[in-house]
Amino acid sequence: MRVVVTGGAGFIGSAVCRQLVQGHNAEVMNVDKLTYASNLGSLEALAGHPNYDFERLDICDRKGLDRIFATFEPDAVIHLAAESHVDRSISGPSAFIASNIVGSYTLLEAARAYHSNLADDRRDRFRFVHVSTDEVYGSLGETGLFVEETPYRPSSPYSASKAASDHLAHAWYKTYGLPVIVTNCSNNYGPYQFPEKLIPLMILNAIDHKPLPVYGAGSNIRDWLFVEDHAEGLIRALTHGRPGESYNFGGNCERSNLDVVKLIGRYYDEIETPTSPTSSLITHVEDRPGHDLRYAIDASKAHRELGWGPRRTFEEGLRSTVEWYLANRSWWASVRSGIYDGRRLGLLRA
């Protein structure tokens, strides 16, 4: 099986690339623009592997995409390339419109042209997995779960751009017959995550004995999914999913942001035994504009149709993540010193 993975140098994309090559013996072409959040160091395990190749390319580049499809001749696409940080979308939404909407459209069109010229047997087997987020559904109240039929109510420029790309993907299936499968996932965490996100930011701030900034009261609730479990789900969607369908992936691990930060502090203290408890570094800051209260995923369709379920509990995954960042300073030190210093993003004022 030959798979084009867009955004394969990112957090989730690199996990997908590693699993495809090492666990499924697939041939992978990683297509990545190498934005600030990309890191080829996340793919060192695949360096020199005969089944892995990399091409630096913006998915808005139609000619470049056509060339890759023509030369690599993939059996599938897993589309992960995206601008993905809510706070950055608040400060600068234009990059999200360009990558998430225009880029997805360009990739869908390139895939459609390629798919239409395949022989019948290969055309029937081809799949396009479009990877999205549960944030397209908006905010839940204190009860209930997102299901695949939940109406879209995006709150941020990021989630609005992903909602738009989801609609494009579904339309390319219904209008053109491109065999698209759409997936929506809850918050991912784990090794190799860029440190602007909550969990790695808190871990690195704990290491540096810096404040642990928590939005508002920290009562916003997220459903957490270990990245390797999500990668397994995406591959199951590729191999077992039905074109035209959507599948939700969640960890069944609802936690408030404050509880997550406290647990990070507990694990850090158990491993490193600092002189004062890490929880004393927690600082409550002004809330994010339009901050959704709660996300929670019903993944029963993926369980039922794909045979998928998360393997790790949140406690197991989070402790292993803290341990990984402590053991892999070389991966994040250059990012922390040069690309992202841990400052808060997404303020409406300059």
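The values are calculated or read from the model by the stated rules, or taken from the named source; none is laboratory data. All values reported here derive from a predicted model rather than from experimental measurement. Here Cβ is always computed from backbone atoms with ideal geometry, including for glycine, and neighbour counts include all displayed protein chains.
Yes or no, residue by residue, for (1) modelled with pLDDT under 95; (2) surrounded by 22 or more Cβ atoms within 10 Å (Cβ to Cβ); (3) within 16 Å of the chain's Cα centre (by Cα):
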site: Asn100; (1), (2), (3): no, yes, yes
site: Leu107; (1), (2), (3): no, yes, no
site: Ala110; (1), (2), (3): no, yes, no
site: Asp120; (1), (2), (3): no, no, no
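Among residues that are out of contact with any Pro (no Cβ under 9 Å at 6 or more places or on another chain) and of a type in the set (Asp, Glu), Asp269 is not included. Looking only at residues in region 194-216 that are among the aliphatic types (A, V, I, L, M), touching a helix residue (DSSP H, G or I) at 6+ places or on another chain (Cβ under 8 Å) and under 26 Å from Gly41 (Cβ atoms), the one that is surrounded by the fewest Cβ atoms within 10 Å (Cβ to Cβ) is Ile207. Close contacts from region 321-350, counting a first residue that is surrounded by 10 or more Cβ atoms within 10 Å (Cβ to Cβ) and at pLDDT 70 or above and a second that is aromatic (Phe, Trp, Tyr) and part of a loop (DSSP other than H, G, I, E, B), with Cβ to Cβ under 6 Å and a gap of 6+ residues or different chains, come to Ile339/Tyr36.
Set side by side, the residues His115, His79 differ, and just one is in contact (Cβ under 8 Å) with a residue 24 or more places away in the chain and within 19 Å of the chain's Cα centre (by Cα), which is His79. Right, Lys174: more than 30 Å from Lys262 (Cβ to Cβ) and not in a strand (DSSP E or B) or not? For Lys174, the condition - more than 30 Å from Lys262 (Cβ to Cβ) and not in a strand (DSSP E or B) - is met. Residue check: Ala164 meets all listed conditions (1) surrounded by 23 or more Cβ atoms within 10 Å (Cβ to Cβ); (2) of a type in the set (Gly, Ala, Ser); (3) over 13 Å from the mean Cα position of the chain (by Cα) but one, namely (1).
Within region 288-295, is even one residue in a loop (DSSP other than H, G, I, E, B), in contact (Cβ under 8 Å) with a residue 60 or more places away in the chain, touching a helix residue (DSSP H, G or I) at 6+ places or on another chain (Cβ under 9 Å) and closer than 18 Å to Thr321 by Cβ?
Residues of region 288-295 in a loop (DSSP other than H, G, I, E, B): 288-293, 295.
Filter again for in contact (Cβ under 8 Å) with a residue 60 or more places away in the chain, leaving 288-293, 295.
From what is left, the residues that are touching a helix residue (DSSP H, G or I) at 6+ places or on another chain (Cβ under 9 Å) are 288-292, 295.
Then keep just the ones that are closer than 18 Å to Thr321 by Cβ; that gives none.
For region 288-295, residues in a loop (DSSP other than H, G, I, E, B), in contact (Cβ under 8 Å) with a residue 60 or more places away in the chain, touching a helix residue (DSSP H, G or I) at 6+ places or on another chain (Cβ under 9 Å) and closer than 18 Å to Thr321 by Cβ: absent.
Evaluated against (1) touching a Pro at 6+ places or on another chain (Cβ under 7 Å); (2) assigned to a helix (DSSP H, G or I), Ala169 falls short on exactly one condition, (1). Here is the figure for region 179-229: residues that are farther than 21 Å from Lys262 by Cβ, of a type in the set (A, V, I, L, M) and touching a Pro at 6+ places or on another chain (Cβ under 8 Å) total 3.
Conditions tested, residue by residue: (1) over 20 Å from His240 (Cα atoms); (2) among the small types (Gly, Ala, Ser); (3) out of contact with any strand residue (DSSP E or B) (no Cβ under 8 Å at 6 or more places or on another chain).
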site: Arg122; (1), (2), (3): no, no, yes
site: Asp134; (1), (2), (3): yes, no, no
site: Tyr137; (1), (2), (3): yes, no, no
site: Glu148; (1), (2), (3): no, no, no
site: Pro157; (1), (2), (3): yes, no, yes
site: Thr175; (1), (2), (3): yes, no, yes
site: Leu178; (1), (2), (3): no, no, no
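In region 174-193, the residue that is farthest from Asn328 (Cα to Cα) out of those that are surrounded by 20 or more Cβ atoms within 10 Å (Cβ to Cβ) and hydroxyl-bearing (Ser, Thr, Tyr) is Thr183. Scanning region 37-51 for residues that are in contact with a Ser or Thr (Cβ under 7 Å, 6 or more places away or on another chain) and either touching a residue at least 60 places away in the same chain (Cβ under 8 Å) or within 11 Å of Val335 (Cβ to Cβ) (or both) yields a single hit, Ser42.
Could you tell me which of the residues Glu149, Glu142 is modelled with pLDDT of 95 or more and over 16 Å from the mean Cα position of the chain (by Cα)?
On the way: Glu142 fails: modelled with pLDDT of 95 or more.
Result: Glu149 is the single residue among Glu149, Glu142 that is modelled with pLDDT of 95 or more and over 16 Å from the mean Cα position of the chain (by Cα).
In this structure, is Val86 among the β-branched types (Val, Ile, Thr), buried (at least 17 other Cβ atoms within 10 Å of the Cβ) and at pLDDT 95 or above? Before the answer, list the steps.
Working: among the β-branched types (Val, Ile, Thr): yes; buried (at least 17 other Cβ atoms within 10 Å of the Cβ): yes; at pLDDT 95 or above: no.
No: the conditions fail for Val86.
Taking the condition under 15 Å from the mean Cα position of the chain (by Cα), within 15 Å of Thr239 (Cα to Cα), modelled with pLDDT of 95 or more and assigned to a strand (DSSP E or B), does Val5 pass? Yes: the conditions hold for Val5.
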